Structures are given as C-alpha cells and as structure tokens.
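Worksheet: one structure, shown below.
The values are calculated or read from the model by the stated rules, or taken from the named source; none is laboratory data. Given the structure is predicted, the values throughout are model-derived calculations rather than measurements. Don't worry about glycine lacking a Cβ; one is built from the backbone with ideal geometry, like all the others, and counts go over all protein chains shown.
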Amino acid sequence: MDSLSTGSLLFAIVVLFATQDDSLKEIFVPTPLGIKIRQLRKEQGLSLDQLAAMAETSKSYLWELENRETANPTMDKVSKIAEKLGVTAEFLLNDEQAAHSAEDADKAFFRKYQKLPAPTKKKIQDIMKVLRENGADDK
C-alpha cells in the first residue's frame, strides 16, 4: 500500500470515528467542498503549501477548507482554488448528493468524468470494458 493510500485510509478512519462522536464532528468532518479540494490536490501531486501559493492563500486557510465543517470560503477564494485545480467553482460547490434523479446523477458523473485526468479515465474505461465482457451490460 503506497503512502497516499495509507494516508487516505487513515483519514477515512478518523472521519469514521469523528462522525460517531458528536464532540469531534466539527473538528474532523470535512465538507464536500473540502473533500473535493483534497482529492484533486492529491491527484495532482500538490502539497498544501504548493496549492496555497498557486491560489494566493495561506496553507492554514486551505487546511481549514479541507478539514473543517465550519469553513466558510468566499467565492473569490473558491474560484482561485478551482482554477488552479483545473475545475470550475461550480464543480467544487456542487454537492453531489443534491442530485434528485438518476438522470441528474448521470449528468453530474459525466461532468466529473470529463474533468478527470487521462489515467483515471483510462481506469474507468477498463472497468467498463471488463463489466461488458462479463455480461454486466444491460443491452
């Protein structure tokens, strides 16, 4: 298991325990915005310091956005961060749980898919190919 996977696993464990203990919830439970920023930053191999410098903000502010439920960023900050991560502010602010229909969920997935790096798209395409080969295609 590489260090990114180990770090992600440890973060998930902390979030799991934090969600079970209301006294820790405000401290450790990130918003969907924070989760997206962290995921995109790590996929691009950027440290907090690097992204903060690129987005003209502080490392501590970025850490707050990634890790605190109480973070309340300005649209200007979200736009700068989104630009540096190669996505739109709308994408970062769009809570994917807001999709009310299967069609909306499909559209949201496709928008996200379009913004994925090529290696990740290739992995998804390979998974879909295996599923089709094993008869998972509904056609």
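So here's what we get for this one:
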quantity: Failed condition for Leu65, given (1) modelled with pLDDT of 90 or more; (2) closer than 24 Å to Lys121 by Cα; calculated: (2)
quantity: Any hit, region 63-86, residues being among the β-branched types (Val, Ile, Thr) and under 27 Å from Tyr113 (Cβ atoms); calculated: yes
quantity: Verdict on Thr57 being under 24 Å from Leu116 (Cα atoms), among the hydroxyl-bearing types (Ser, Thr, Tyr) and at pLDDT 55 or above; calculated: no
quantity: Condition met for Lys112 (modelled with pLDDT of 85 or more, in a helix (DSSP H, G or I) and basic (Lys, Arg)); calculated: no
quantity: Among the candidates Ile27, Ile81, Ile13, Ile37, residue that is assigned to a helix (DSSP H, G or I), at pLDDT below 55 and among the aliphatic types (A, V, I, L, M); calculated: Ile27
quantity: Residue, nearest to the chain's Cα centre (by Cα), within region 54-78, restricted to residues that are crowded, with 19+ Cβ neighbours inside 10 Å and either among the charged types (D, E, K, R) or in a helix (DSSP H, G or I) (or both); calculated: Glu66
